[in-house]
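Trainee: Quick one: the structure is below, questions incoming.
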Amino acid sequence: MKAGAFLYPWDVVGDPDAAARIADLGVRQVTLAAAYHSTRALTPRHPAHRVVTAEHAAVFYPPDPDRWAGRVPAPHRQSWTAGDDPYGEAAGALAAAGLQVHSWVVLAHSSRLGAEHPDTSVVNAYGDRYPWAPCIARPAVRAYLVDLAAEAAARPGAQGTELESCGWYGFAHLHAHDKVAGVGLGEAAQYLMSLCFCSVCREGYGEEGADPGDLSAAVRRALEPVWSGAGSPESGRDGIGRLLGPGLADATLRWRGRIARAFQEAVVAAVRDAAPPGFQVLLHADPVPYRTGANVGVDADHILAVADGVVLPCTGSDAVREAALGPFAGRGGVRAANFGIVTGMGGSPRTLERDAAHAASLGADELRLYHAGLASGPDLEAVAAALSRLG
């Protein structure tokens, strides 16, 4: 079973031993960040630093000035890793060590985009903007993200790409200093808090037969028990229907599904146009179409007709893997099971062999390991041992 590991360019640039160390794990591929959101990351083995603070969403290569001349918005370049093209430098070192390099591109997740251009952001039913969540229904946002995907994915030498946040982003963010856990939001309530009410989405709900004013009022009424302390245990599509009423719920699901599918089609088409023949395009995905976030909700039949496959979150119990992989069983395409390997971040490298075998029994044909640059030495030793036995 082919295994690949995630890396940031700063895990490799300035560390002459990094590429060989990754190859020695037994992986065949590295998924290397080309466009990424803000983060703070440990680099436990780097000879020059221990912490990297990526202050804002950025690209790790020189963006094409002709593509972006006069464009608003346009991608920002990074400034925290040395060199003009840290992605290219890292990719070259990894390829020289015998590893396949695929680009890792984060799309609809950028707090800097929302801060600089507030009208790009998702707006909830209370009028609050989510600056980290660009609204993919807005034409200017869609045009920017489609071009960003084409440029960042098809980097020289890359044999494929993995697209993260290629769809709706919502309330959940994992933001620095997040203080939003004081009130429990069930899955259906999370969906309501992720609905966008920008001018484009309001018009879209109307096209689907839902008055946007009535819909926003219904969302606020449905969430009132949450704010009063009663909570909202509702989950699933039926739970959304119970909170909003089936008519309003279906209108939101139709609108958001239509937009997400069209966006994914446009992104993948743009990447294929920019990339050489045989270039692999995978999406980080969740098989529940209405879910938002890094692993975007998709319709299994649709996405496998558009992209070459999916990367699915498989860390956790057997039930988690069954829920993630089950809807894709027997449908073809690449099904990569993504496992956390950082113990301190909830990963389980010491059960990787058993968990990977379980994923394979459910139809997974590749592994992804998150994240080789963040993991401790003992975690990487456990990964290498597991991969050597998996073959």
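The values are calculated or read from the model by the stated rules, or taken from the named source; none is laboratory data. These numbers come from a predicted model, not from an experiment. Cβ coordinates were reconstructed from backbone atoms using ideal geometry, including for glycine residues, and neighbour counts include every protein chain displayed. Note: accessible area is taken over every heavy atom of the protein model, side chains too, but ligands, DNA and RNA are not part of it. Shrake-Rupley method; radii C 1.70, N 1.55, O 1.52, S 1.80 Å.
Trainee: If you filter region 62-110 for trypsin sites (Lys or Arg not before Pro), then keep DSSP loop positions with at most 13 other Cβ within 10 Å, what is left?
Mentor: Working: sites: ARG67, ARG71, ARG77; in loops: ARG71.
Here the sparse-neighbourhood loop sites are ARG71.
Trainee: With every protein chain present, what accessible area does ARG389 have (1.4 Å probe, heavy atoms only), rounded to the nearest 10 Å²?
Mentor: Surface accessible to solvent at ARG389 totals approximately 150 Å².
Trainee: For region 1-126, what is the convex hull (Cα atoms) projected area averaged across all directions, in square nanometres? Walk me through the numbers on the way to the answer.
Mentor: Values: hull surface 39.9 nm².
Taking the Cα atoms of region 1-126, their convex hull projects to 10.0 nm² on average.
Trainee: Okay, next question. Explain nothing, just compute: Karplus ³J(HN,Hα) = 6.51 cos²θ - 1.76 cosθ + 1.60, θ = phi - 60°, for every residue of region 237-254 in order, whole Hz, x for Gly and Pro.
Mentor: Using θ = phi - 60°, the values come out as 4, 5, x, 4, x, 5, 6, 9, x, x, x, 5, 4, 5, 4, 5, 5, 5 Hz.
Trainee: Output the relative contact order of region 184-257, whole-number percent, from Cα pairs under 8 angstrom with separation of 6+ residues. Intermediate results must be reported in sequence, preceding the final value.
Mentor: On the way: 74 pairs, mean separation 33.4, N = 74.
For region 184-257, the relative contact order is 45 percent.
Trainee: Kindly sort GLU265, GLU381 by accessible area of their heavy atoms, largest first, with the probe set to 1.4 Å. Please list the in-between numbers first.
Mentor: Details: GLU265 85, GLU381 130 Å².
Final ranking, largest accessible area leading: GLU381, GLU265.
Trainee: Just read off the accessible area of VAL271 with the full protein assembly in place, 1.4 Å probe, to the nearest 10 Å².
Mentor: 0
Trainee: Nearest 10 degrees is fine. How inclined is helix 86-96 to the longest principal axis of the chain, computing both from alpha carbons?
Mentor: Result, in degrees: 50.
Trainee: Identify which of ASP214, ASP15, ASP365 has the largest mean-square fluctuation in a Gaussian network model of the chain, with springs joining Cα atoms closer than 10 Å.
Mentor: ASP214
Trainee: Let me ask something additional. Take the alpha-carbon centre of region 89-137, take the same for region 310-327, and report the distance between them in whole Å.
Mentor: 24
Trainee: Still on this structure, please answer the following. Take HIS46, HIS76 and sort them by solvent-accessible surface of the protein heavy atoms, 1.4 Å probe, largest at the top. Intermediate values should be presented prior to the final figure.
Mentor: On the way: HIS46 10, HIS76 55 Å².
Greatest to least solvent exposure: HIS76, HIS46.
Trainee: Per the helix-only calculation at 222 nm, which mean residue ellipticity applies to the chain, given -39500 (n - 2.57) for every DSSP H run of n ≥ 4 and division by its residues, nearest 500 deg cm²/dmol? Could the numbers behind the result be given before it?
Mentor: Details: 14 runs with 152 residues, N = 391.
Estimated from H runs of four or more residues: -11500 deg cm²/dmol.
Trainee: How much accessible area does MET1 have with a 1.4 Å probe, in Å² rounded to the nearest 10?
Mentor: Result for MET1: roughly 80 Å² accessible.
Trainee: Carbon and sulfur: what percent of the chain's accessible surface (1.4 Å probe)?
Mentor: Numbers: 8150 of 15430 Å².
C and S fraction of accessible area: 53 percent.
Trainee: On to the next question. Pairs of alpha-carbon atoms within less than 8 angstrom and 6+ residues apart define the contacts here; what relative contact order does the chain have, in percent?
Mentor: Working: 808 pairs, mean separation 65.8, N = 391.
Over the chain, the number comes to 17 percent.
Trainee: Do any cysteines in the chain lack another Cys Cβ under 4.7 Å, and if so which?
Mentor: When partners are defined as cysteine Cβ atoms under 4.7 Å apart, the chain leaves CYS135, CYS166, CYS198, CYS314 without one.
Trainee: Can you give the Rg/Rh ratio of region 191-248, where Rg is from the C-alpha atoms and Rh is the Kirkwood radius?
Mentor: Details: Rg = 11.6 Å, Rh = 11.9 Å.
Expressed as Rg/Rh, it is 0.98.
Trainee: Where does each of THR161, THR351 land when they are ordered by accessible area, with a 1.4 Å probe and the largest first? Walk me through the numbers before you get to the answer.
Mentor: Numbers: THR161 0, THR351 55 Å².
From most accessible down to least: THR351, THR161.
Trainee: Rounded to the nearest 5, what is the percent of antiparallel bridges among the DSSP beta bridges in the chain?
Mentor: Antiparallel bridges make up about 20 percent of those DSSP assigns within the chain.
Trainee: Counting Lys +1, Arg +1, Asp -1, Glu -1, what net charge surrounds ALA91 among other residues with beta carbon under 10 Å of its beta carbon? Can you show the working numbers first?
Mentor: Details: positive: ARG155; negative: ASP85, GLU89.
Summing Lys and Arg as +1 and Asp and Glu as -1 gives -1.
Trainee: Same structure again: Helix 377-390: angle to the longest alpha-carbon principal axis of the chain, degrees 0 to 90, nearest 10?
Mentor: The angle comes out at about 90 degrees.
Trainee: In sequence order, what are the phi-derived ³J(HN,Hα) couplings for region 267-278 according to the Karplus relation 6.51 cos²θ - 1.76 cosθ + 1.60 with θ = phi - 60°, rounded to whole Hz, with x for glycine and proline?
Mentor: 4, 5, 4, 5, 5, 5, 5, 8, 9, x, x, x
Trainee: Can you give the percent of C-alpha pairs in region 238-391 whose distance is more than 19 Å? Please list the in-between numbers first.
Mentor: Values: 6951 of 11781 pairs.
Every Cα pair in region 238-391 considered, those over 19 Å come to 59 percent.
Trainee: Counting pairs of alpha carbon atoms under 8 Å apart in space and at least six apart in sequence, what relative contact order in percent does region 49-138 give?
Mentor: That works out to 23 percent.
Trainee: For the chain, what does the accessible surface come to per residue with a 1.4 Å probe? Please give it in Å². Intermediate values should be presented prior to the final figure.
Mentor: Working: 15430 Å² over 391 residues.
Ligands and nucleic acids excluded, the result is 39 Å² per residue.
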